[in-house]
Amino acid sequence: MRRTTLSRGTRGFSMIELLVATMVLAIAVLIGLPELRHFYIRLQMETYVLDLSSSISKTRYEAIKRGLDTVVKADWTNRRFYMFLDQPVFDASGARTDTPWVFTPGEDEFLYGFLLPKDVEFASPAGLDAVEGLSDPVGADVMEDRVAIFMSDGSVQDVGSFRLGDPRTNFVQVAFNPQATGRVRLEKWDCVNHRWLDRADRWDWYTKAQSGC
């Protein structure tokens, strides 16, 4: 019977070599984790607001195409945004019987809906409101009731913004301005200089909460 022998060049790893390799791998993982976490935080928020902005722009286009008002609503109770086509209901005399710009199932046409990502809430930097400006269809002057209304010419009834934030003080706002064009802008809060930055500026994504933000 022939014996198979290992040559000197094909020996296995020693225990010490395996331990060293494991330590090197562990160190590499620990170094890379912050960057991976940073990437995930950025991906979660940035992807969401880009998709949201795209659907809001489509909602504006629906107002122009259909010749009716469309509405963007922040639903605080269900942690989501939704958009709908406001279809007025009239009685025999021509008087409107429904509440304008308030979604009525079976009458208004639902267009889009977006649940907030995990850990993201309607929130704002210190000293600011989570909703600024916009329209109040109910008239109760409650922030949670405010909506963005696109008119049939593509303008927005009242300028303003919705704001989102996460526990790491990353704040993003969806702004509607100027009024005449109803332009939808995405801006991120700079916790260092305390100002909103648009997409043309460099956005810093924080991995931990910033003091005074």
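The values are calculated or read from the model by the stated rules, or taken from the named source; none is laboratory data. Since the model is a prediction, treat every value here as computed from it, not as a measurement. No Cβ is skipped: glycine too gets one built from the backbone with ideal geometry, and neighbour counts run over all protein chains shown.
One residue stands out among those in region 153-174 that are farther than 21 Å from ASP51 by Cβ and charged (D, E, K, R): the one that is surrounded by the fewest Cβ atoms within 10 Å (Cβ to Cβ), which is ASP153.
Here ASP119 meets the list (1) surrounded by fewer than 14 Cβ atoms within 10 Å (Cβ to Cβ); (2) more than 30 Å from VAL192 (Cα to Cα) almost entirely, failing just condition (2).
Of all the residues in region 71-90, those that are exposed (fewer than 13 other Cβ atoms within 10 Å of the Cβ), of a type outside the set (Val, Ile, Thr) and either at pLDDT 95 or above or closer than 15 Å to VAL147 by Cβ (or both) number 1. Of all residues in region 117-137, those being in contact with a Leu (Cβ under 7 Å, 6 or more places away or on another chain) and in a loop (DSSP other than H, G, I, E, B) number 2. Applying the selection to region 164-202, what residues are in contact with a strand residue (DSSP E or B) (Cβ under 7 Å, 6 or more places away or on another chain), free of Cβ contacts under 8 Å to residues at least 40 places away in the same chain and in a loop (DSSP other than H, G, I, E, B)? Those that are in contact with a strand residue (DSSP E or B) (Cβ under 7 Å, 6 or more places away or on another chain), free of Cβ contacts under 8 Å to residues at least 40 places away in the same chain and in a loop (DSSP other than H, G, I, E, B): ASN177, GLN179, ARG199. Candidates are the residues of region 180-213 that are of a type in the set (A, V, I, L, M, F, W, C) and more than 17 Å from GLY165 (Cβ to Cβ); the one that is modelled with the lowest pLDDT is ALA200. Scoring PRO125 on the criteria (1) of a type outside the set (Phe, Trp, Tyr); (2) at pLDDT 95 or above; (3) closer than 25 Å to THR70 by Cβ; (4) surrounded by 14 or more Cβ atoms within 10 Å (Cβ to Cβ) leaves a single failure, condition (3).
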